[in-house]
1. So Phe127 ticks every box in (1) assigned to a helix (DSSP H, G or I); (2) under 28 Å from Ile22 (Cα atoms); (3) open to solvent by less than 10 Å² (accessible area, probe 1.4 Å); (4) within 16 Å of the ligand (Cβ to nearest atom) but one. Which box is left unticked?
2. Given the residues Leu39, Leu43, Leu69, which is the only one that is among the aliphatic types (A, V, I, L, M), open to solvent by 40 Å² or more (accessible area, probe 1.4 Å) and either under 25 Å from the mean Cα position of the chain (by Cα) or over 22 Å from Ile150 (Cβ atoms) (or both)?
3. Could you check how many residues of region 46-61 are open to solvent by 20 Å² or more (accessible area, probe 1.4 Å), touching a residue at least 12 places away in the same chain (Cβ under 8 Å) and farther than 28 Å from Ile253 by Cβ?
4. Consider Ser101 carefully, then state whether it is surrounded by 14 or more Cβ atoms within 10 Å (Cβ to Cβ) and either without any contact (Cβ under 8 Å) to a residue 60 or more places away in the chain or within 23 Å of Asp171 (Cβ to Cβ) (or both).
5. Can you give me the number of residues within region 148-176 that are buried (at least 24 other Cβ atoms within 10 Å of the Cβ), in a loop (DSSP other than H, G, I, E, B) and more than 8 Å from the ligand (Cβ to nearest atom)?
6. Among residues belonging to region 20-36 that are farther than 18 Å from His148 by Cβ and not aliphatic (A, V, I, L, M), point out the one that is farthest from the chain's Cα centre (by Cα).
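The values are calculated or read from the model by the stated rules, or taken from the named source; none is laboratory data. Owing to the predicted nature of the structure, the values given are computational and were not obtained by experimental measurement. Don't worry about glycine lacking a Cβ; one is built from the backbone with ideal geometry, like all the others, and counts go over all protein chains shown. These area figures cover heavy atoms from the full protein model, side chains too; ligands, DNA and RNA do not enter into them. Shrake-Rupley method; radii C 1.70, N 1.55, O 1.52, S 1.80 Å.
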Amino acid sequence: LLWEDGRVAGVVAGGEEIWAHIVIAADGALSFMADKAGLRAPLAPDNYAVAVKEVYKLDEKTIEERFGLEEGQGAANLFVGAVTKGLFGGGFLYTNKDTVSLGLVVGMSSLMKSRPPIETHSLMDAFAARPEVACRIKGGDLKEYSAHIISEAGLAGVSKLCAGGMLVVGDAAGFALNVGITVRGMEFAIASGVMAAETANEALERGDASEALLAGYEKRLREIFVLKDMETFRHSREVLEKERLFTVYPRFICSLLGSLFTVDEKPQASLYQRAMGVAKQHMFSWQSIKDIMDFRKL
Ligand SMILES: Cc1cc2nc3c(=O)[nH]c(=O)nc-3n(C[C@H](O)[C@H](O)[C@H](O)COP(=O)(O)OP(=O)(O)OC[C@H]3O[C@@H](n4cnc5c(N)ncnc54)[C@H](O)[C@@H]3O)c2cc1C
């Protein structure tokens, strides 16, 4: 960052100085700019997950057949439990027009604490080899392999949003929400970009890029869904970081379905008795009741 009179006044990129009335930091989850401007706390592994993604090229007809789709339709599958060996996170498999995206998200601190150590790339290899996944990517040409980090801190991970001469948007500001069934960030990035542009426009018209004027950016974000949703889902991390969500509950669902669908040579108990037997084994505990009470916060 370039500074002038205690305010941000530009950036240095590739050794070149670029001076500006206002800098809008849109440099993603690791935002070195927000860091250097002192707008956010140092990065901590508890607040982030690492994501890896593979993109396989397949022709459109093959994708439609494998996912049971009509022309123009798409499908998204989510996975939880064994795919991360019970660590915080999950897997995804979704269709694009003529590619299929396969990936995993795993909490950084869960990975760091895992004993014996678990590495993301070996989880990814095992995930791609699972029968329900392998049959869908079979013969696909691996076009991309990428890794990224995602903020899991929710509202607690939102940085200070402006300094004199500077605004922060999107992932750089910590606008990311994992609510278990969806990961959100793109619409926050777009909306915060628009609000930052409006604020910058006003600042330029008034010839005032002080922190006091740029604070109008946060006010704008409070009036639309960005900070409203971050606030509504402020408990998502404390609910989702329960280890049981990735161990006990997936095992319960698999055991329940296994028990209900298994027919062997022995006389069978009623469906209700079998379901209760599995529930007793996995679910009947004070901890489960506490978890259910906590889910109400989501
Ligand atoms: C696996 C995964 C799945 C996701 N799924 C969803 C989803 O389903 N729905 C959803 O809404 N969101 C999802 N997200 C989140 C979404 O991708 C992000 O919230 C969104 O991309 C944030 O946009 P951004 O522009 O703020 O940051 P980014 O998209 O990270 O863009 C930042 C850009 O800045 C560049 N940059 C960084 N530093 C510098 C520098 N020093 N100089 C020049 N350039 C720099 C980077 O290269 C990058 O191109 C997902 C994220 C991941 C990783």
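1. Result: Phe127 fails condition (2) only.
2. On the way: Leu39 fails: open to solvent by 40 Å² or more (accessible area, probe 1.4 Å); Leu69 fails: open to solvent by 40 Å² or more (accessible area, probe 1.4 Å).
Of Leu39, Leu43, Leu69, the one residue that is among the aliphatic types (A, V, I, L, M), open to solvent by 40 Å² or more (accessible area, probe 1.4 Å) and either under 25 Å from the mean Cα position of the chain (by Cα) or over 22 Å from Ile150 (Cβ atoms) (or both) is Leu43.
3. Within region 46-61, the subset open to solvent by 20 Å² or more (accessible area, probe 1.4 Å) is 46-48, 50, 53, 56-57, 59-61.
Keeping just the survivors that are touching a residue at least 12 places away in the same chain (Cβ under 8 Å) gives 46-48, 50, 53, 56-57, 59-60.
Still in the running and farther than 28 Å from Ile253 by Cβ: 47, 57, 59-60.
Result for region 46-61: 4.
4. On the way: surrounded by 14 or more Cβ atoms within 10 Å (Cβ to Cβ): yes; either without any contact (Cβ under 8 Å) to a residue 60 or more places away in the chain or within 23 Å of Asp171 (Cβ to Cβ) (or both): yes.
Against the criterion (surrounded by 14 or more Cβ atoms within 10 Å (Cβ to Cβ) and either without any contact (Cβ under 8 Å) to a residue 60 or more places away in the chain or within 23 Å of Asp171 (Cβ to Cβ) (or both)), Ser101 qualifies.
5. Of the residues in region 148-176, 4 are buried (at least 24 other Cβ atoms within 10 Å of the Cβ), in a loop (DSSP other than H, G, I, E, B) and more than 8 Å from the ligand (Cβ to nearest atom).
6. Result: His21.
A quick yes/no check of all residues on (1) at positive phi; (2) part of a loop (DSSP other than H, G, I, E, B); (3) not assigned by TED's automatic domain parsing to the domain that holds Leu214:
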| residue | (1), (2), (3) |
| --- | --- |
| Ala9 | no, no, yes |
| Asp27 | no, yes, no |
| Leu30 | no, yes, no |
| Met33 | no, no, no |
| Val50 | no, no, yes |
| Lys61 | no, no, yes |
| Glu64 | no, no, yes |
| Glu71 | no, yes, yes |
